[in-house]
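Working notes for the structure below.
Read-outs: derived from the displayed coordinates by stated rules, not from any lab. Not measured: the values here are computed from a predicted model. Here the Cβ positions follow ideal geometry from the backbone for every residue, glycine too, while neighbour counts run over all protein chains shown.
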Amino acid sequence: MELVDQYLTLNQFHLGNAKMLAVYLCIAVMALLGAAFGFVLAAASKRFAVQMHPRAEQVYDVLPQIDCGACGHAGCRDYAEKVAEGLLPVDLCVPAGPETAAAVAGIMGVDYISQHLPTRAVVHCQGGIAETVQEFVYNGVADCPSAMLVQGGPKTCKYACLGLGTCADVCPYSAITMNENGLPVIDEEKCVSCGLCVKACPRDLITILDSRHRTVLGCSSHGRGKGVKDICSIGCIACGICVKESKESGAVTLVDSLPVIDYEKWQEAEELASLEKCPTHTYCRQPTKEEVLADASTKTDTSQ
């Protein structure tokens, strides 16, 4: 029996060694294969590498590199390559602004005269939690496209802002925050008009507007009269007063029960009349930075 035990113990020892040897062998083979594949990939990357235009790298370096697509192309690198090849103008990068356009022009050795007009993103909805009727409480994924999949969203008005901040999430400049009323607030100083929020909004409530124009229609509903009043206290009821007030210039027209403004035609008196006479106060005027500072200064002087 003692000899049998010794034999079995010896066999177990050799079996264990064989298993360990197999493990080491597998590790060695995998390491060799990894090294071989790495070598092949490295060689292939050099052999088949796509060479960029010498100036493309320089152009790419001065771009913001956020790949927003505002220029209408796949990303900053794609735009840089086409600029370097002379296929695109130097000032298509909206987020970068005229300073970067001038830098790109310098790299390309061309003259550049800025014709840039400041723009900003604006939200065409003022129907927050306090102003609108809620059909149900939404407890799903906290983004607007997901909320729309559930009966068109929790608000009775199916044109209203869903209030879940998808626009704020996609903004690379933190220019959008959500207020307590469930509406996006856009910081004009931070906004570069890249258009990512415009693309992200499933209700198409955000547009890019020339910063010279301060009065905005804060509604996107195509409803009328009582049907709007019953579900939103600040919605456009398609009464047509703004159209009548702008009759001389023809700047405001009703299209599918919603006013459409031609800002180039809109006269100041007509704009003010629309603001004052709109029965639901759907039009809102966004103050400029200078007006905000002046108002703050006045309040400070008054309080002293």
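Kindly identify segment 155-262 as rounded, prolate or oblate by the Cα gyration tensor criterion: order the square roots of the eigenvalues as a ≥ b ≥ c, call it rounded if a/c is under 1.5, otherwise compare a/b with b/c, prolate if a/b is larger, else oblate. Oblate, because a/c is 1.5 or more while a/b does not exceed b/c. Cross-link partners for LYS265 among the aspartates and glutamates, with Cα-Cα distance under 12 Å and sequence neighbours closer than 8 places in the same chain left out: GLU248.
Per-residue Karplus couplings for segment 135-147, computed as 6.51 cos²θ - 1.76 cosθ + 1.60 with θ equal to phi - 60°, are listed in order as 7, 7, 8, 8, 10, x, 4, 7, 8, 5, x, 5, 5 Hz, Gly and Pro entered as x.
Distant-in-sequence amide contacts of VAL123, defined by a placed amide H-H separation under 5 Å and a gap of 5 or more residues or a different chain, comprise nothing. Across segment 161-188, no residue has a backbone nitrogen under 11 Å from the label position 7 Å along the beta-carbon direction of VAL141. I'd like to know which of MET108, LEU87, LEU149 lies farthest towards the positive end of the charge dipole of the chain, counting +1 on Cβ of Lys and Arg and -1 on Cβ of Asp and Glu. Farthest along the dipole direction, towards plus: LEU149.
Count neighbours as other Cβ atoms within 10 Å of each site's Cβ, and list the GluC sites (Glu not before Pro) in segment 171-201 that are DSSP loop with at most 14 such neighbours. Of the GluC sites (Glu not before Pro), the ones in loops of segment 171-201 whose Cβ has at most 14 other Cβ atoms within 10 Å are GLU180, GLU189. FRET efficiency for the pair GLN65 and ASN179, taken as 1/(1 + (r/R0)^6) with r the Cβ-Cβ distance and R0 = 30 Å, rounds to 0.45.
Pairs with C-alpha atoms separated by more than 19 Å, drawn from the list LYS155/LYS199; LYS158/LYS277; LYS155/LYS229, are LYS155/LYS199; LYS158/LYS277. Computed from these coordinates, which is Cα extents along the principal axes in Å: (i) 77, 62, 33; (ii) 50, 43, 41; (iii) 112, 62, 51? The value computed from this structure is option (iii).
As a rough footprinting exposure proxy, the listed residues LEU293, LEU164 were ranked by other beta carbons within 10 Å of their own, and the order from fewest upward is LEU293, LEU164. Where in segment 98-198 are there chymotrypsin sites (Phe, Trp or Tyr not before Pro) that are in a DSSP coil and have at most 16 other Cβ atoms within 10 angstrom of their Cβ? Hits after loop and neighbour filter: TYR112, PHE136, TYR173.
Taken one residue at a time, the phi angles of segment 151-157 give Karplus couplings (6.51, -1.76, 1.60, θ = phi - 60°) of 6, x, x, x, 7, 5, 6 Hz. Gly and Pro are set to x. Pick out, from TYR283, THR253, GLY235, the residue whose Cα sits farthest towards the positive end of the charge dipole of segment 214-298, with +1 on the Cβ of Lys and Arg and -1 on the Cβ of Asp and Glu. Projecting each Cα onto the dipole axis, the largest value belongs to GLY235.
Taken about its Cα centre, segment 214-298 carries a charge dipole of roughly 400 debye when the Cβ of each Lys and Arg holds +1 and the Cβ of each Asp and Glu holds -1. Determine the shape class of segment 214-298: with a ≥ b ≥ c the square roots of the Cα gyration tensor eigenvalues, call it rounded for a/c under 1.5, and otherwise prolate if a/b is greater than b/c, oblate otherwise. Cα axes put segment 214-298 in the oblate bin. Annotation for ALA43 and LYS289: the two label points, set 7 Å from Cα along the Cα-Cβ direction, are 5.8 nm apart.
Which one, ALA22, ALA175, ALA160, has the greatest fluctuation when you compute a Gaussian network model over the chain with C-alpha springs under 10 angstrom? For the chain, modelled as a Gaussian network with Cα springs under 10 Å, the answer is ALA22. Using Cβ point charges alone (K and R +1, D and E -1), the dipole size of the chain about the Cα centre works out to roughly 680 debye.
Rounded to the nearest 20 debye, the dipole size of segment 54-108 about its Cα centre is 60 debye, using +1 on the Cβ of Lys and Arg and -1 on the Cβ of Asp and Glu.
Close amide-amide hydrogen proximity is noted between MET178 and VAL185, each under 5 Å apart and 5 or more residues distant or on a separate chain (H modeled in the peptide plane; Pro and chain starts excluded).
How far apart, in nanometres, would the label points at HIS213 and ALA74 be if each is projected 7 angstrom from Cα along the Cα-to-Cβ direction? In this crude spin-label approximation the distance works out to 3.5 nm. For segment 145-183 and segment 224-260, what is the separation of their C-alpha centers, rounded to whole Å? So the separation of the two Cα centres works out to 24 Å. Model label points for TYR24 and ARG224, set 7 angstrom from Cα along the Cα-to-Cβ axis, are 8.8 nm apart.
Shape of segment 54-108 from its Cα gyration tensor (a ≥ b ≥ c, root eigenvalues): rounded if a/c is under 1.5, otherwise prolate when a/b > b/c, or oblate? Verdict is rounded for segment 54-108.
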